[in-house]
Amino acid sequence: MVPDETVQFLPLEVLRLPEKIYKSACPYNCFDCCSFDVYVSGNKVTKIAANQTADFTRNFLCKKGQAHASRMYNPERLRYPLVKTAQGWQRISWPTAYELMANKIKEAHKQYGPTAVGGYVGDGGAGLLKSTLKIFLAHLGGYTDFVGSICWGAGIEATIKDFGAVLGHHPDDIINARTIVLWGRNPLETNLHLVPYLKKAQKKGSKIYLIDPRESASSKVADIHLKIKPGADWALAAACTHYCLRHNKIKHDFIQKHLTDTSGLLPYLKSLNQTDYEDLLEAAGISAAAIAKFTHDLFDHGPSTCYLGYGPQRYKSGGLNIRAINLLWAVTGNIGIKGGGVNYANQANIDLFDFSFALPKTAPMIREMQLGNFAGEVFTATPPLQVLFISGANPAVQLPDSTSVKRALADIPFKICLEHFMTDTAAQCELVLPVTYFTEAEDIITSGMWNSTLKYVNKCVEPLAECKAEFTIFQELAKFLGLSEYPALSTTEWLKNATAKLATYGLDFTTLQQYGYLDSPLQKQVPWDDCQFATLDGKFHAFDKEELQQKLANYMANRTNEQDKLLLLTVHWRDQISSQLPIPLPQQELPLLYIHPATAEKFGVADGARALAIAKNSLEVIIAVTDKASPFAAYMRQGSSKNAGGPVNILTPAGITDIGDQAIFNETSIILQPLTAADTEN
């Protein structure tokens, strides 16, 4: 072939574009909220690494964080607006998409009023500007809002009832603890950057307890594992509190001066007879000797700190579970001291941001529907939902009773999904809009879970193809609809306005931009160190004794059934965030159901065999027998429906926790039916 003389070949050194590093942060819904260095060459992200100057992130990232760059450029990522037609998905322009949305909104308003349009905002990507959907809907005069929680609402409400606010100790304070309790927390898989703190404290002589129905990965760092019965956190905490009261392992000054007990819970617990105490032990599945040892370490080997996970609150009595644990820490004097505290979440920054500047002058009409009962709410809604925006969420997979959820989604005539990939939910929608990755738009990220640092997210590269930021989409749609009050400000101007309160603490948005992250001015090393709580009377509040009495009575009345029940726990794991798949995973024909050897024997199923897990609906699974499971509970990893048969939430029930309007997942009772070769062939 004769070379084309019109083609000019540039020297190799010219093609090597200089690399630039931007400060950013991980958008995943995770305890750690890591700080990133994003490496860019040309207009492409080449690598994402730990920002080693950020204390909490240190010098390492999990596999999910490392995989962001490859996920960003995954060939399956959505790049253009798509509309569903009789012939399948068709690419359309953004002006066409805006016109379609505007017309559907106008039609819904004309026929049914503003609450016929709804908004569902999830935590699929963190960022202050990711949640501007509800601000946009407010400018429409009203909307339907999906409220409650699918993860932590019961524990949040429980903490507010007890303390008045949800605060956590500074991560550095763990070094002051002599006893550390991981109560339902699995940091080796879900809070990896807590692990170096645990090991440092352990090296100094701290003892680590793991309280969990199963032997999670974090048993590797624990000195003692209390293998509690699933959902029996209330019983274990109540039994421990009884033991402490009876054996004078309590902080009298704190109880007398700083604790409100209007129902007489503490006298009731102290006076429990031996039979009731033994019933609590039976309910918890923990021996009297283990209780004595544990409470000794809490009180005599303190200070003691508790790191709660997000499993104990996923039962109907989720609020009671958390409040009973809070009370145990209060009576033992482990609140408001160095090395103490119950760390459920850390919402120190909840009042730091203010979007009132962007709200309409007239308050919108808002109709609320419960996430935990999504299908029931949608099917009975008056007026019916006609248009639903879904942003940062995958309800078709994430919500309980997913079979009914999918039917409910199908019942809504026009659904718009803002997404990176064609998820189960996006596939059910009529319009799918491709949104920017966190590296492609400016924002601020902070976590309400563990550390409370503020992280600035740079726009590192231009958006891929025709992807747009959620912020931009709603700003442009507002303009298309003629919503004159909607702020026509840049992202930087929005963020400056939203963070104006930083000036109160001698900080500003420009400083945050410069350094990439800032320690929160509202984070205290030790919350409640003055014993002045955020409740109305300034005291810690014990829960009502009747709640405990009723719970214990229900357990006793159903004792036989409770013993025979096999619960299903849906657990978080290291390589995935809910239904988000950050890294390629081995294809599994069917989901794995992990069960105890005693369970396998009871149901006549063998390791590696196929079986049906049967609840309200059924799901075909592959059995994995392990003594790490509880004899009372099988467990399965959360995930998408990429596995054959559908997502695990086919099995889980709709419903709401005792407080906090949270969906319940761990109340699923299943039976197992072995499948023969003939069954699997059919």
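The values are calculated or read from the model by the stated rules, or taken from the named source; none is laboratory data. Keep in mind that this is a model prediction, so the values were computed, not measured. Reconstructed Cβ throughout: ideal geometry from the backbone, glycine too, with neighbour counts over all protein chains shown.
How many residues does region 423-473 hold that are of a type in the set (A, V, I, L, M) and either more than 18 Å from V121 (Cβ to Cβ) or within 22 Å of the chain's Cα centre (by Cα) (or both)?
11
Would you mind finding the one in T439, T492 that is modelled with pLDDT of 95 or more, assigned to a helix (DSSP H, G or I) and closer than 26 Å to H193 by Cα?
Numbers: T492 fails: closer than 26 Å to H193 by Cα.
Of T439, T492, the one residue that is modelled with pLDDT of 95 or more, assigned to a helix (DSSP H, G or I) and closer than 26 Å to H193 by Cα is T439.
What residue, of L518, L536, is among the hydrophobic types (A, V, I, L, M, F, W, C) and either under 30 Å from Q398 (Cβ atoms) or under 25 Å from the mean Cα position of the chain (by Cα) (or both)? Outline the logic, then answer.
Values: L536 fails: either under 30 Å from Q398 (Cβ atoms) or under 25 Å from the mean Cα position of the chain (by Cα) (or both).
Exactly one of L518, L536 is among the hydrophobic types (A, V, I, L, M, F, W, C) and either under 30 Å from Q398 (Cβ atoms) or under 25 Å from the mean Cα position of the chain (by Cα) (or both), namely L518.
A quick yes/no check of all residues on (1) at pLDDT 95 or above; (2) surrounded by fewer than 21 Cβ atoms within 10 Å (Cβ to Cβ); (3) charged (D, E, K, R):
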| residue | (1), (2), (3) |
| --- | --- |
| N51 | no, no, no |
| F56 | no, no, no |
| H68 | yes, no, no |
| Y80 | yes, yes, no |
| I105 | yes, no, no |
| H109 | yes, yes, no |
| G113 | yes, yes, no |
| V117 | yes, no, no |
| S131 | no, yes, no |
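Give region 497-536 a look and list any residue that's over 30 Å from Q52 (Cα atoms) and surrounded by fewer than 17 Cβ atoms within 10 Å (Cβ to Cβ), or say none.
As a first pass, look at region 497-536 and keep what is over 30 Å from Q52 (Cα atoms): 528-536.
Passing the criteria: D529, D530, C531, Q532, A534, T535, L536.
Answer with yes or no whether T159 is in the same structural domain as A363 (by TED's automatic domain parsing) and either in a strand (DSSP E or B) or not aromatic (F, W, Y) (or both).
Details: in the same structural domain as A363 (by TED's automatic domain parsing): no; either in a strand (DSSP E or B) or not aromatic (F, W, Y) (or both): yes.
So T159 fails the test.
Which condition does W450 not pass, out of (1) touching a residue at least 40 places away in the same chain (Cβ under 8 Å); (2) part of a helix (DSSP H, G or I), if it passes all the others?
That leaves (2) as the condition not met.
If you go through region 107-115 one residue at a time, do you hit one that is of a type in the set (S, T, Y), touching a residue at least 24 places away in the same chain (Cβ under 8 Å) and not in a helix (DSSP H, G or I)? Write out each step before concluding.
Of all residues in region 107-115, those of a type in the set (S, T, Y) come to 112, 115.
Those still in the list that are touching a residue at least 24 places away in the same chain (Cβ under 8 Å) too: 112, 115.
Applying the additional criterion that residues be not in a helix (DSSP H, G or I) yields none.
No, region 107-115 has no match at all.
Looking at (1) in the same structural domain as K415 (by TED's automatic domain parsing); (2) crowded, with 19+ Cβ neighbours inside 10 Å; (3) at negative phi, which one does G127 not meet, given that it meets all the others?
(3)
Between a first residue in region 22-37 that is on the phi > 0 side of the Ramachandran plot and a second residue that is modelled with pLDDT of 95 or more, which pairs have beta carbons less than 6 Å apart while being 6 or more apart in sequence or on different chains?
No pair meets every condition.
When the residues of region 648-670 are filtered to those that are among the hydroxyl-bearing types (S, T, Y) and over 19 Å from the mean Cα position of the chain (by Cα), which remaining residue is nearest to K565 (Cα to Cα)?
Within region 648-670, the subset among the hydroxyl-bearing types (S, T, Y) is 652, 657, 668-669.
Narrowing further to those that are over 19 Å from the mean Cα position of the chain (by Cα): 668-669.
Details: T668: 10, S669: 6 Å.
The extreme case among them is S669.
Looking only at residues in region 537-570 that are touching a residue at least 24 places away in the same chain (Cβ under 8 Å), in a loop (DSSP other than H, G, I, E, B) and of a type outside the set (G, A, S), which one is surrounded by the fewest Cβ atoms within 10 Å (Cβ to Cβ)?
Here the residue is D537.
Residue by residue, here is whether (1) farther than 26 Å from V432 by Cβ; (2) of a type in the set (K, R); (3) in contact with a Cys (Cβ under 9 Å, 6 or more places away or on another chain); (4) assigned by TED's automatic domain parsing to the domain that holds N191 holds:
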residue: D37; (1), (2), (3), (4): yes, no, no, no
residue: F56; (1), (2), (3), (4): yes, no, yes, no
residue: H68; (1), (2), (3), (4): no, no, yes, no
residue: N74; (1), (2), (3), (4): no, no, no, no
residue: G119; (1), (2), (3), (4): no, no, no, no
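Among residues belonging to region 266-276 that are in a helix (DSSP H, G or I) and in contact with a helix residue (DSSP H, G or I) (Cβ under 6 Å, 6 or more places away or on another chain), point out the one that is nearest to L245 (Cα to Cα).
Applying the first criterion (in a helix (DSSP H, G or I)) to region 266-276 yields 266-270, 274-276.
From what's left, in contact with a helix residue (DSSP H, G or I) (Cβ under 6 Å, 6 or more places away or on another chain): 268-270.
Details: Y268: 10, L269: 8, K270: 5 Å.
This residue is K270.
Go through region 121-147 residue by residue and tally those that are in a loop (DSSP other than H, G, I, E, B), under 16 Å from G448 (Cα atoms) and touching an Asp or Glu at 6+ places or on another chain (Cβ under 7 Å).
Residues of region 121-147 that are in a loop (DSSP other than H, G, I, E, B), as a first pass: 122-127, 132, 139-141.
From what's left, under 16 Å from G448 (Cα atoms): 122-127.
Filter again for touching an Asp or Glu at 6+ places or on another chain (Cβ under 7 Å), leaving 127.
Adding up the residues that qualify gives 1.
For region 267-288, does any single residue satisfy the condition of being of a type in the set (D, E) and touching a strand residue (DSSP E or B) at 6+ places or on another chain (Cβ under 8 Å)? Break it down stepwise before answering.
Initially, region 267-288 is screened for residues of a type in the set (D, E), giving 276, 278-279, 282.
So of that shortlist, the ones also touching a strand residue (DSSP E or B) at 6+ places or on another chain (Cβ under 8 Å) come out as none.
Checked region 267-288: no residue is of a type in the set (D, E) and touching a strand residue (DSSP E or B) at 6+ places or on another chain (Cβ under 8 Å).
Tell me the residue from T436, T446, T425 that is surrounded by 23 or more Cβ atoms within 10 Å (Cβ to Cβ), within 18 Å of F474 (Cβ to Cβ) and of a type in the set (S, T, N, Q), please.
Values: T446 fails: within 18 Å of F474 (Cβ to Cβ); T425 fails: within 18 Å of F474 (Cβ to Cβ).
Going through T436, T446, T425 in turn, just one is surrounded by 23 or more Cβ atoms within 10 Å (Cβ to Cβ), within 18 Å of F474 (Cβ to Cβ) and of a type in the set (S, T, N, Q): T436.
Just one of (1) out of contact with any Leu (no Cβ under 7 Å at 6 or more places or on another chain); (2) part of a helix (DSSP H, G or I); (3) buried (at least 20 other Cβ atoms within 10 Å of the Cβ) trips up A330, so point out which.
(1)
Which ones in region 479-523 are in contact with a His (Cβ under 7 Å, 6 or more places away or on another chain), over 17 Å from F355 (Cα atoms) and assigned by TED's automatic domain parsing to the domain that holds S452?
Pass one, region 479-523, residues in contact with a His (Cβ under 7 Å, 6 or more places away or on another chain): 483, 485-486, 523.
Adding the requirement that they be over 17 Å from F355 (Cα atoms) leaves 483, 523.
Across region 479-523, the qualifying residue is only L483.
Mind checking whether some residue in region 356-370 is in the same structural domain as N248 (by TED's automatic domain parsing), part of a loop (DSSP other than H, G, I, E, B) and not hydrophobic (A, V, I, L, M, F, W, C)? Spell out how you get there, then give the answer.
Restricting attention to region 356-370, the residues satisfying the condition of being in the same structural domain as N248 (by TED's automatic domain parsing) are none.
Checked region 356-370: no residue is in the same structural domain as N248 (by TED's automatic domain parsing), part of a loop (DSSP other than H, G, I, E, B) and not hydrophobic (A, V, I, L, M, F, W, C).
Which one of Y73, Y143 is under 30 Å from T362 (Cβ atoms) and either among the hydroxyl-bearing types (S, T, Y) or buried (at least 22 other Cβ atoms within 10 Å of the Cβ) (or both)? Steps first, answer last, please.
Numbers: Y73 fails: under 30 Å from T362 (Cβ atoms).
None of the other options fit; the residue is Y143.
Looking for whichever is of a type in the set (A, V, I, L, M) and either in a helix (DSSP H, G or I) or modelled with pLDDT under 95 (or both) here; the options are A201, A222. Which one fits?
Numbers: A222 fails: either in a helix (DSSP H, G or I) or modelled with pLDDT under 95 (or both).
Result: A201 is the single residue among A201, A222 that is of a type in the set (A, V, I, L, M) and either in a helix (DSSP H, G or I) or modelled with pLDDT under 95 (or both).
Checking Q274 against (1) buried (at least 24 other Cβ atoms within 10 Å of the Cβ); (2) under 24 Å from R559 (Cβ atoms), only one condition comes out false. Which one?
(1)
Looking at region 92-103, is at least one residue over 23 Å from M369 (Cα atoms), touching a strand residue (DSSP E or B) at 6+ places or on another chain (Cβ under 6 Å) and modelled with pLDDT of 95 or more? Spell out how you get there, then give the answer.
We begin by selecting, within region 92-103, every residue over 23 Å from M369 (Cα atoms); these are 92-100, 102-103.
Cutting the leftovers down to touching a strand residue (DSSP E or B) at 6+ places or on another chain (Cβ under 6 Å) gives us 92.
Still in the list and also modelled with pLDDT of 95 or more: 92.
So far as region 92-103 goes, yes, one or more of its residues are over 23 Å from M369 (Cα atoms), touching a strand residue (DSSP E or B) at 6+ places or on another chain (Cβ under 6 Å) and modelled with pLDDT of 95 or more.
Could you pull out the residue among D544, D508 that is at pLDDT below 95 and not hydrophobic (A, V, I, L, M, F, W, C)?
On the way: D544 fails: at pLDDT below 95.
Sole residue among the options that is at pLDDT below 95 and not hydrophobic (A, V, I, L, M, F, W, C): D508.
For region 449-496: of the residues being closer than 30 Å to G155 by Cα and among the charged types (D, E, K, R), which is surrounded by the fewest Cβ atoms within 10 Å (Cβ to Cβ)?
E470
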